[in-house]
Amino acid sequence: MQRMIIHLDLDCYFVSAERTRTPFLKGKPVVVCKSGDRAIFSSDDQKRVMTERVGAFNGLFQHERAWNGFERFGWKKEFMDEQGRIHGIVIAKSYECKPYGIKTGTMLSDALKMCPNLCVVPGDHLFYQLLSGRLREFLQTKIPILEQYSIDEFWGDLNGWIDDDETYPFIRSLQKEILETFDLPLSIGASTSKWIAKLATDFNKPYGITLVPAEEILPFVSPLPIHDFPGIGKVLARRLEGYRIKTLGDVVRSRDLLHSWGRVGEELLRKITGTDKEAVNPHHDRQSIGISRNFHLIREREEIKRRMIILSRHLSYTIMKLSVMPTTYFLKIRYEGGVKSSVSRTVDRPFSETLLREVVMDMLGTIDTLPSYGIHHIALSASNFVSLSKPKTFSLLEANVDAKSRKLSDSLTRLRDKYGVDILRCAVEKG
């Protein structure tokens, strides 16, 4: 009896999700694009929904986007400005885009030149998250131990649930049922290791099934390039290439070298050989919470500060709702021309919205060293969580102020639960 784990990966998920409500898009070259989020920075009230965490790509907060059906050139309202310039970036593309050379990260203006018949859809992340949540609930009725890895990826542990000789029929039936129920195509890999199962999924897409038993892991991985393995990033790949290691088979044959690297090398070797025994984990401890937005270039620093405060309000509400106590804060801004600046700050004080605003404004003053440059991206995050019941020592000097601020944040959270996150804002947010 083998310990069989399956990995499920939705094919071109954002595009596939759009095709569930717009069948016209099936079989056509389609891109899902994003531009700046105008709604969150608007002075008008917006309806936003806080969703469960479904991976690092998407934030917890999404605003509701009105959907009135697909319009062939409706994207222009979202991505074309008054001067006729096209903004936006491709965040997902269908397989039909491959012959045209369109990739994730391609500018929309370039993608339209590469494929004149391109179908363009503005991203609707709330829809994608809610659909992913429905699929997760369905999968939990089929697989008792399920781990959601990202918005479009899942692992399932079949041990003690499905016999080895029934694995292939089970995943084939599951693949078919998901397509019939949700109209979502997906690929499935199966092996005795999580990471080999994921590698198997990537090996046979779209709408493929790949099963790699324990005795076939080494023959399966050996010819594959090191870049194909999900546990090898750019830094580690460069390190391996420095030793003329190009395939996963080369990695396995370089055991002595990997062992000399200590824990990192030994862990990589176990993953590649499928001997890591990493369990499917239905519950993950949260490492950080963040919010970020892109927008058209802004030079006025007062407007940048206004947007910082708006993002701080949303991040604060998220932190309060999740009942976590961060002590480290991170801010990154991106200037025109690709210049970036970032800073982190550790503050041993109880969290409150007031504290977050103070820290964010202080960090902005520290990192905004190019005041003549325009800014088009802001990212805020909070991490290094401590226990609410047994926090590490906080500053006694600000104890009274922090207690009052925390109490105020609790009251704000209850009001926003009832009336929405925009019900109470700072005066400066009105602009």
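The values are calculated or read from the model by the stated rules, or taken from the named source; none is laboratory data. Everything numeric here is computed off the predicted structure, so don't read it as measured data. Cβ: placed from backbone, ideal geometry, glycine included. Neighbour counts: every protein chain shown. Remember, those area values only see protein heavy atoms, side chains included, never the ligands or the DNA or RNA. Shrake-Rupley method; radii C 1.70, N 1.55, O 1.52, S 1.80 Å.
Before moving on, here are some points about what is shown:
- The Leu297 and Val401 beta-carbon pair, evaluated with R₀ = 41 Å, returns a calculated FRET efficiency of approximately 0.65.
- The chain, helix-only ellipticity at 222 nm - DSSP H runs n ≥ 4, -39,500 (n - 2.57), divided by all residues, nearest 500: -11000 deg cm²/dmol
- Applying 1/(1 + (r/R0)^6) with R0 = 22 Å to the Cβ-Cβ distance of Ile91 and Asp362 gives a FRET efficiency near 0.10.
- Evaluating 6.51 cos²θ - 1.76 cosθ + 1.60 at θ = phi - 60° for every residue in the range 232-238, the Karplus couplings come out as 10, x, 5, 5, 5, 4, 5 Hz, glycine and proline recorded as x.
- Residue (of Leu356, Ser35, Val252) at the positive-pole extreme of the chain, dipole from beta-carbon charges: Leu356
- Where both bridge residues fall in the chain, DSSP classifies roughly 85% of the beta bridges as antiparallel.
- Modelled FRET efficiency - R0 41 Å, Thr141 with Tyr243, Cβ distances, 0.05 increments: 0.30
- Computed from backbone phi with θ = phi - 60° and the Karplus coefficients 6.51, -1.76 and 1.60, the 3J(HN,Hα) list for the range 312-317 is 4, 4, 5, 5, 4, 4 Hz; x is used for glycine and proline.
- Pairs of Lys in the range 184-319 closer than 24 Å at Cα, counting only those 8 or more apart or on different chains: 15
- Remark: the chain carries a charge dipole of roughly 1120 debye about the Cα centre, counting +1 on each Lys and Arg Cβ and -1 on each Asp and Glu Cβ.
- Highest-first arrangement of 129-136, 273-280, 364-371, where packing means the average Cβ count within 10 Å: 129-136, 273-280, 364-371
- Between Gly88 and Leu108, the built amide H atoms are under 5 Å apart, and every one of these is 5 or more places off in sequence or on another chain.
- Area of His259 that stays accessible when all protein chains are in place (1.4 Å probe, Å², to 10): 90 Å²
- Cα-Cα over 23 Å, subset of Lys34/Lys113; Lys98/Lys340; Lys34/Lys77; Lys34/Lys321: Lys98/Lys340; Lys34/Lys321
- Cα shape, the range 111-249, gyration tensor, a/c 1.5 rule: oblate
- Calculated from backbone phi, Karplus (6.51, -1.76, 1.60) coupling profile of the range 247-259 in Hz, x at Gly/Pro: 10, 5, x, 4, 4, 4, 6, 9, 4, 4, 4, 4, 5
- Thr181, Thr22, ranked by accessible area, largest first (probe 1.4 Å): Thr181, Thr22
- Among Tyr329, Val343, Thr318 the positive-end extreme of the charge dipole of the range 295-378 (Cβ point charges): Thr318
- Separation of alpha-carbon centers, the range 353-379 and the range 132-210, rounded to whole Å: 43 Å
- Mean separation of Cα pairs under 8 Å and 6 or more residues apart, divided by the residue count, gives the chain a relative contact order of 17 percent.
- Amide H contacts for Leu224 (H built 1.01 Å from N in the peptide plane; partners 5 or more residues away or on another chain; cut-off under 5 Å): Leu248, Gly249.
- Taking every alpha-carbon pair under 8 Å whose residues sit at least 6 apart, the range 156-283 reaches a relative contact order of 22 percent.
- Candidates Lys305, Lys34, Lys113, ranked by Gaussian network fluctuation over the chain, Cα under 10 Å, top entry: Lys113
- Tensor-based shape of the chain (alpha-carbon gyration tensor, a/c under 1.5 rounded, otherwise prolate or oblate): prolate
- Normalising the average separation of contacting C-alpha pairs (under 8 angstrom, six or more residues apart) by the number of residues puts the relative contact order of the range 65-217 at 11 percent.
- Degrees separating the helix 399-419 axis from the principal Cα axis of the chain, which is the longest one: 70 degrees
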